[in-house]
Amino acid sequence: MKTPIGQVFTPTEWAEWLINKWHIFDAWMDGAEICDPTAGQGAFIIALLNIARNHQIPLTPKHLSRLTLIEIDPSLIDNFKSFVKQDFGIDFPPDQLFCKDIIMHSHDKKYDILIGNPPWVNFSDLPTAYKTELKPYFIQEGLVQDTQKLLLGSSRTDIAALVIKVVLGKLLKEKGQGYFYLPTSLFFGDGAHSGFRDYQANKRGFSIDTVYEFTNTEVFEGIQKSYCCGKIQIDSQQTFPIPYFREMGENWDEHIASPLKYPNDPWRIVKNTEELNSTDMFDIHLTPDQKPRQGVNTCGANNVFIFDDKPSHLPDEYLYPLTTKEIWRQLTGTPHKWILLPYHQETGKPLDWNSISKHDTLMNYLQDHKEVLQARKGTLLKASMNRIGWWVLLGVGPYAFAPYKIIWEAYGRKHFNPIVVSDIDGQVWQANQAMHAYIPCWDENEAHQVRTALENPEISKLLRQLNGSGKCNWAQPGKIKKILNMKNAL
């Protein structure tokens, strides 16, 4: 494949760290057959060869016959062969090297141990043609129920989840083990990774045995995702709690992990079982219309719809104050940004072109940006554009125009601080994409009552236990719905 798919190469020193952490070298020496199913540059196999050399253990044909690499990119396999020849003076057995896509291509042999670092990339960010090819495999492995889910929240499902399920179920011998570097979203993602947490791979049960989360060390240079490494056992049933180690300076601080409520829920990280039993769901009465939501999504057209100053040349009735960090930092009700929403406030539906054309300045402004707006990507957006018009946004409906909102910072924060906002000169505040989330309200007293209930310090505590502190999924709507036990609003 010409385009790299989520390549995150492992430095050899960290491949060796993982091998030493779980005594994989000793297992190899004792006869275990080992495979890296997404080998990349071959760092894990090279690390095993390095350890053997450092221990002055000859690399015999018998040893090498128990090492296998599978890699989708033929150039990386060629580079690996050249490196091993140059650095170790050996010809790696060609029948132990396979160039294939391990998801879509079968592989006959099974192994005692799998090691490696699968590709990290969300389904939504894959090349279009590859997404089409992979959709049936996401369904087959239970990661989503149908292709429509891949267009909604499950589009954030990481291909790493699919790779791990495929290789666990198809490449491991009975009671085999896998040791991988992984994005932590597999354990803490909300709806996107609940399918991974059914702990089934090719109709074989698997269990996460132990996890080490990196919080200080930059194992993978330039990677923004949170990541960990873990041991996985096939042909076993997942039980909780499990040991969960979090990096603290130069040490590993031991915690335990357990799902929020149901087995496929995101994990909570606590110090002991007493903490697990200390927090229940919160009984805050909300109607289905009040389910937590993300803010308005311009789908990459912020420069068209969002303004630093309220533009005087556009109709006031379609300009709304947009929440920004200053509302929480400076405790100010003065807007620092404005957003253009060509929508009917009464219905939450987009204006048709006939309605837009009644406002010359609005029509001309949108027409000037037509090419940019038409070029936006996304299956859901394209469907809306085809049905309604190229000026639509996502995350807009009757709820967006509720007169009151309980709104909070949902992205990258460590404290949960909901506030109530209403309007500026009759124009209601709008939440800013994934940065902010909100609960719509149509009654002021109710809005303040809900906010007071959300200020329960146990909610902040639970959000931190769910490992979102400082991360993009800190207090996203799906997580808040789970905490509030909103079955009727999901």
- [ ] Give me the number: length gained by fully extending N417 to H313, i.e. 0.36 nm times residue separation minus the C-alpha to C-alpha distance, one decimal in nm.
- [x] 33.9 nm
Open item on the list: Please list, ordered by chain and number, the residues whose modelled amide H lies under 5 Å from the amide H of T184; skip anything fewer than 5 residues away on the same chain.
Closed with: S226, Y227, C228
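Quick one: of the DSSP bridges fully inside the chain, what percent are antiparallel, nearest 5?
The antiparallel proportion sits near 75 percent.
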TODO: Could you tell me the largest-minus-smallest coordinate of the C-alpha atoms of the range 12-276 on each of the three principal axes, in descending order and whole angstroms?
DONE: 53, 44, 37
Task: the range 64-122: trypsin sites (Lys or Arg not before Pro) in DSSP coil with no more than 15 other Cβ atoms inside 10 Å - done: K100, K109, K110
Task: Links that overshoot a 22 Å alpha carbon limit, given the list K135/K471; K461/K482; K225/K414; K131/K173; K85/K173 - done: K135/K471; K131/K173; K85/K173
Open item on the list: If the reach is capped at under 18 angstrom between alpha carbons, list the aspartates and glutamates near K110, excluding any in the same chain fewer than eight residues apart.
Closed with: D30, E33, D36, E71, D95, D101, E174, D235
TODO: Determine the relative contact order of the chain: mean sequence separation of Cα pairs under 8 Å and six or more apart, normalised by residue count, in whole percent.
DONE: 11 percent
TODO: Using a 10 Å Cβ count of at most 16 others and DSSP loop calls, identify the longest part of the chain lacking such GluC sites (Glu not before Pro).
DONE: 1-217
Task: Size descriptor, Kirkwood hydrodynamic radius, that averages inverse alpha-carbon separations across the range 288-489, Å - done: 17.6 Å
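What percent does the relative contact order of the range 288-489 come to when contacts are Cα pairs within less than 8 Å and at least six residues apart?
29 percent.
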Task: G42 long-range amide H proximity, modeled H, under 5 Å - done: none
Open item on the list: Given an 8 Å cut-off on Cα distances and at least 6 residues of separation, report the relative contact order of the range 191-245 as a percent.
Closed with: 46 percent
TODO: Please list the non-local residues whose amide H lies under 5 Å from the amide H of Y111, H modeled 1.01 Å from N, same-chain partners needing a gap of 5 or more.
DONE: L172, K173
Task: Cα centroid separation, the range 56-118 to the range 371-395 (Å) - done: 45 Å
Task: Rounded to whole Hz, the Karplus (6.51, -1.76, 1.60) HN-Hα couplings of the range 241-248, x for glycine and proline - done: x, 10, x, 9, 9, 10, 5, 10
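Quick note: the coordinates plus some simple rules give every number you see, no bench work behind them. In this text, all values refer to a predicted model and were calculated from it rather than measured experimentally. Backbone-built Cβ (ideal geometry, glycine too); neighbour counts: all protein chains shown.
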